[in-house]
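S.K.: What follows is a single structure, and I will ask about it in a moment.
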Amino acid sequence: MKILQVLTQYGTRSLDRTFSYLYRGKKEVQPRYRVRINFNGHPAMGFVLSVHETEKTPSELEAENGFAFKAIGEEDIVDEAPLLNDNLMALAQEVASYYFAPLVSVLQAMLPPSLSPRLSSLHGPKIAYEKWVEIVDPSEKGLTAKQLEMLRLVAKNSPILKKEAGSAGILDKLIQAGKVKITLKEKERFHIPESEKEVPHEMTLEQRAAYETILASPKEVVLLQGVTGSGKTEVYLRLSEQVLSQGKNVLMLVPEINLTPAMVEYFSRRFGPKVAILHSQLTPGERYDEYRRIARGKAQIVVGARSAVFAPLANIGLIILDEEHVDSYKQDNAPFYHAREVAIMRGKQESAKVVLGSATPSLESKARAMRGVYGYAEMKHRINEKALPFTQIIDLTDRANFSKESQKLSLPLLQKIKEKLAAHEQIILLINRRGYWTNIMCANCGHIFTCPSCGGNLTYHQEDEMLKCHHCGYVETFPKVCPECGSTRLMRTGYGTERVVKELNDLFPGARVARLDSDVGQISKNVEKTLREFHDGVYDILVGTQMVAKGHDFPNVTLSGVVLADIGLSLPTYRAAERTFELIAQAVGRSGRSSKTGEAIIQTYNPSHYAIVYGARQDYESFFAKEMQERKIAQYPPYTFLILLELSAANEEKCVQAAYDFKKQIEAQSLESLDLVGPLLPYYSMANGKYKRILLLKYKKRELVETYLKNLLDQYAKNSVVDILVNVDPLDY
Ligand code: ADP
Ligand code: ZN
Ligand code: ZN
């Protein structure tokens, strides 16, 4: 008989240990197999960590342990081969320990849906069918706000992929009500645009120098800082070639494949069938196929977004993170891992070189490169030696910059838009906020429309005429009157992408305007379509959130406008200036990429703020120097490390009490170089009907905090009143 040590699918701290199950079947079972188990009377998925033989009988074991082990049968064994190799298993342990995360939650983040240790993985479609939702009856009577939101989405885009419709529960309700129906269609395989094998560029001197510096660097991690348009991709391709020629494999990470299909294309064109692509837009079936192909050693290069850092690629010689500063590399729910940190762990484990590429590196990476912790290579020139765009900063507080025509677009910006339209050149306008009005307040009683479930602001969306919370997804139909006093005098301030599109349509009736934001992007095919059509000249103006600022290459864009540069500055995070700088620098960099000279206009209420001034000039070094001073004064990363603890409880008082208790326990240790901020009321003060408080740990030496915090968290794991979420290296705070 065998005893299996099994993790359950439940990723809570109190269950972060193995449970024993007995097995006497003949069918093989090994560590890292999934097994169906019964846990606390419920069917659940287990993940086997170890297997050992025992000579003892079940009753002997029961006498020894004081309780009877449950047994599983042959039919409960799910897999036929271990899901992870030794290296990936070790990586999972390391990630779990660094992020104070239950091991199973890391495994769930690592494995594709149909291999994940959770019961639902068994229902994942492995066949090549996709489910689509089609509209049957668009009438809206008797629906809840959530149902209405989905119905309007389907009505507008029918048919849409089921997985893009949103909550399955709400969809079921709509199906029952006869509003929509599901149809099965044979799945279109994700295909990389067909293109002939291209001839590699001859590297420029600067590219060659960077390439050689990286190869020669004795450091495991090298920062490649290259201005936009300096040709970093070609360097990645050459490095990959070099590593492949030595019989090693390459992991290429990009922030969002959907927004940067070009990178996938470059790699597929250069390396053909050696490339595998991992990508959240693949269906579970496709992901499974790609995953197995990689695990079987059939691919030498994996290109993918965040979770591809866990790809089952063996024998890795090189890991590249393009745009290493981008926030989407950090998972924003447990285990809150950052692909850059994991890539570095993995690089060490595999003795692989890690290359971090960016035009505007994160402060952490740049600081490490400057201290010699990382190697450093630099490319200062655009390939075509194009000068940077000519940039103007417009002061929005100065009313002389406006005419009656528009309250949002300044005279200089309107003037430039006119010029570019007349010249048949294209324009990108960035407004980093979606929706129509982002602030609605009753002019009569002062009531502000906020989210009842998290406290965030509600934004009016014209597209489906609903009020939405961008933080937690709450929706309601727009009441058009104040719910407190019934007044119809509602002040609508703050505007987003939809409102800017409206403004442009009114002012430039002949212009063809497209919008790109995550509302458009909910239907993923719309993103690629919009980008492609804009590229092909179907539109004159592209309005959007940060999605339009990403590394796109639109040769005919000669004007880049930031409609409101200040949006990010007021966000409650120590990285507000860094994000603002990056966004502006990125937006400016979209203009004038081909032979035509580019221009950029930045509208702001803070025309002398360093993030805006240096962003407009794309002056990374000055920004870095200034921001490092600010971080030093406030003792934020890279001068310290942060851990954010989010406590939540159904009872607010108990939540506050627990937060103070926790704080007291930490302070009692008087750990050296540890600073504790809080308890604070977070910006989003509630979630799922629970009250929240946060504590922020700032520390310099991880080892000191590690053991102590781990013990304390384990102690609190048994506390049933308060939940504690741990976010190591949080990006928002
Ligand atoms: P980055 O990622 O650094 O912003 P890209 O890698 O997108 O820059 O390169 C910018 C442009 O320069 C691309 O159109 C690319 O095809 C072109 N390019 C890159 N390297 C060379 C080269 N050595 N010779 C000619 N063109 C190049
Ligand atoms: Zn009112
Ligand atoms: Zn909300």
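S.K.: Per 10 Å bin from zero, what fraction in whole % of the C-alpha pairs of segment 567-628 is there, up to the bin with the longest pair?
M.R.: 23, 52, 21, 4, 0
S.K.: Amide H neighbours of Arg575 under 5 Å, at least 5 residues apart or on other chains, H built in the peptide plane: list them.
M.R.: Tyr733
S.K.: Related question: Ranked highest first by average number of other Cβ atoms within 10 Å, how do 596-609, 354-367 line up?
M.R.: Details: 596-609: 19.8, 354-367: 23.4.
Descending mean neighbour count gives 354-367, 596-609.
S.K.: Please list, short to long, the whole-number percent of alpha-carbon pairs of segment 1-69 in consecutive 10 angstrom bins beginning at zero.
M.R.: For segment 1-69, the pair-distance distribution reads 20, 51, 27, 1.
S.K.: Per residue, what volume in Å³ does the Cα convex hull of segment 78-128 take up?
M.R.: Details: hull volume 4.2 nm³, N = 51.
For segment 78-128, the hull spanned by Cα atoms encloses 82 Å³ per residue.
S.K.: Can you give the extra length, in nm with one decimal, that the chain gains between Ala422 and Arg512 once fully stretched, where that is 0.36 nm per residue apart less the Cα-Cα distance? Display every interim value, and only then the final one.
M.R.: Values: separation 90, 0.36 × 90 = 32.40 nm, distance 1.27 nm.
Value of the extension gain: 31.1 nm.
S.K.: Can you give me the % of accessible surface on the chain that is carbon or sulfur? Probe 1.4 Å, all protein chains present, nothing else counted. Write down the numbers at each step before the final one.
M.R.: Working: 16230 of 32120 Å².
That fraction is 51 percent.
S.K.: When all C-alpha to C-alpha distances in segment 197-292 are sorted into bins of 5 Å, what percent of pairs does each bin hold, rounded to whole numbers?
M.R.: Reading the bins upward from 0: 2, 11, 20, 24, 20, 13, 6, 3, 1.
S.K.: Then there is this: Take Thr597, project a point 7 Å from its Cα along the Cβ direction, then tell me which residues of segment 417-435 have their backbone nitrogen under 20 Å from it.
M.R.: 417-428
S.K.: Okay, moving on. With a Förster radius of 45 Å, plug the Cβ-Cβ distance of Glu652 and Gln349 into 1/(1 + (r/R0)^6) and report the FRET value to the nearest 0.05.
M.R.: Working: r = 44 Å, r/R0 = 0.98.
Working from the Cβ atoms, E equals 0.55.
S.K.: Report the extension gain between His42 and Ala400 in nm, rounded to one decimal, defined as 0.36 nm multiplied by the number of residues separating them, less their alpha carbon distance.
M.R.: Details: separation 358, 0.36 × 358 = 128.88 nm, distance 6.87 nm.
Separation in residues times 0.36 nm, less the Cα-Cα distance, equals 122.0 nm.
S.K.: According to a simple spin-label model (label point 7 Å from Cα along Cα-to-Cβ), what is the distance in nm between Gln242 and Lys298?
M.R.: Output for this residue pair reads 3.1 nm.
S.K.: If R₀ is 45 angstrom, what is the calculated FRET efficiency for the pair Ser608 and Asp172, using the beta carbon separation as r and rounding to 0.05?
M.R.: Details: r = 54 Å, r/R0 = 1.21.
Rounded to the nearest 0.05, the efficiency is 0.25.
S.K.: Scan around Val222 for amide H atoms under 5 Å from its own, H built in the peptide plane at 1.01 Å from N, and keep only partners 5 or more places away or cross-chain.
M.R.: Val354, Val355, Leu356, Gly375
S.K.: Evaluate segment 597-733: find the radius of gyration of its Cα atoms, find its Kirkwood radius, and give the ratio Rg to Rh. Mind showing how you got there, number by number?
M.R.: On the way: Rg = 19.1 Å, Rh = 17.3 Å.
Reported Rg/Rh, Kirkwood definition of Rh: 1.11.
S.K.: Continuing with this model, one more query. Do the sum for the chain: with -39,500 (n - 2.57) for every DSSP H run of n ≥ 4, divided by all residues, what is the mean residue ellipticity at 222 nm, to the nearest 500 deg cm²/dmol? Write down the numbers at each step before the final one.
M.R.: Numbers: 19 runs with 225 residues, N = 733.
Helix contribution divided over all residues of the chain: -9500 deg cm²/dmol.
S.K.: On average over all directions, what projected area in square nanometres does the chain have, based on the convex hull of its Cα atoms? Working shown, then result.
M.R.: Details: hull surface 139.9 nm².
Average projection, Cα convex hull of the chain: 35.0 nm².
S.K.: Within segment 393-462, list the trypsin sites (Lys or Arg not before Pro) lying in a DSSP loop whose Cβ has at most 15 other Cβ atoms in a 10 Å radius.
M.R.: Details: sites: Arg399, Lys404, Lys408, Lys416, Lys418, Lys420, Arg433, Arg434; in loops: Lys404, Lys408, Arg433, Arg434.
Filter output for segment 393-462: Lys404.
S.K.: Placing one identical point scatterer on every Cα of segment 238-392 and ignoring solvent, what is log10 I(q)/I(0) from the Debye formula at q = 0.20 Å⁻¹?
M.R.: Log10 I(q)/I(0), no solvent term: -1.40.
S.K.: Using 20 Å as the Cα-Cα cut-off, could you pick out the over-long pairs in Lys416/Lys502; Lys330/Lys529; Lys219/Lys248; Lys146/Lys525? Could the numbers behind the result be given before it?
M.R.: Working: Lys416/Lys502 18 Å; Lys330/Lys529 27 Å; Lys219/Lys248 18 Å; Lys146/Lys525 23 Å.
The answer is Lys330/Lys529; Lys146/Lys525.
S.K.: Roughly how large, in nm² to one decimal, is the mean projection of the convex hull of the alpha-carbon atoms in segment 390-542? Present the calculation step by step, with values, prior to reporting the outcome.
M.R.: Numbers: hull surface 43.4 nm².
Quarter of the Cα hull surface area: 10.8 nm².
S.K.: Something else about it: Write down the accessible area per residue of the chain in Å², having rolled a 1.4 Å probe over the full set of protein chains. Don't skip to the answer; put the middle values down first.
M.R.: Values: 32120 Å² over 733 residues.
Here the per-residue accessible area is 44 Å².
S.K.: I need the calculated FRET efficiency for the pair His52 and Lys185, taking r as the beta carbon distance and R₀ as 56 Å, to the nearest 0.05.
M.R.: Details: r = 48 Å, r/R0 = 0.86.
It comes to 0.70.
S.K.: Additional query: DSSP loop chymotrypsin sites (Phe, Trp or Tyr not before Pro) in segment 300-376 with at most 16 other Cβ atoms within 10 Å of their Cβ, which ones?
M.R.: On the way: sites: Phe310, Tyr329, Phe336, Tyr337, Tyr374, Tyr376; in loops: Phe336, Tyr337, Tyr374.
Listed in order of number, the matching sites amount to none.
S.K.: Could you check what % of the DSSP bridge pairs in the chain are antiparallel, to the nearest 5?
M.R.: Working: 66 of 119 bridges.
Taking every DSSP beta bridge within the chain, about 55 percent pair in antiparallel fashion.
The values are calculated or read from the model by the stated rules, or taken from the named source; none is laboratory data. Quick caveat, the model's predicted, so the values are computed rather than measured. Note that each Cβ is placed from the backbone with ideal geometry, even for glycine, and that neighbours are counted across all protein chains shown. Side chains are part of the model used for accessible areas, which takes the heavy atoms of the whole protein and leaves out ligands, DNA and RNA. Shrake-Rupley method; radii C 1.70, N 1.55, O 1.52, S 1.80 Å.
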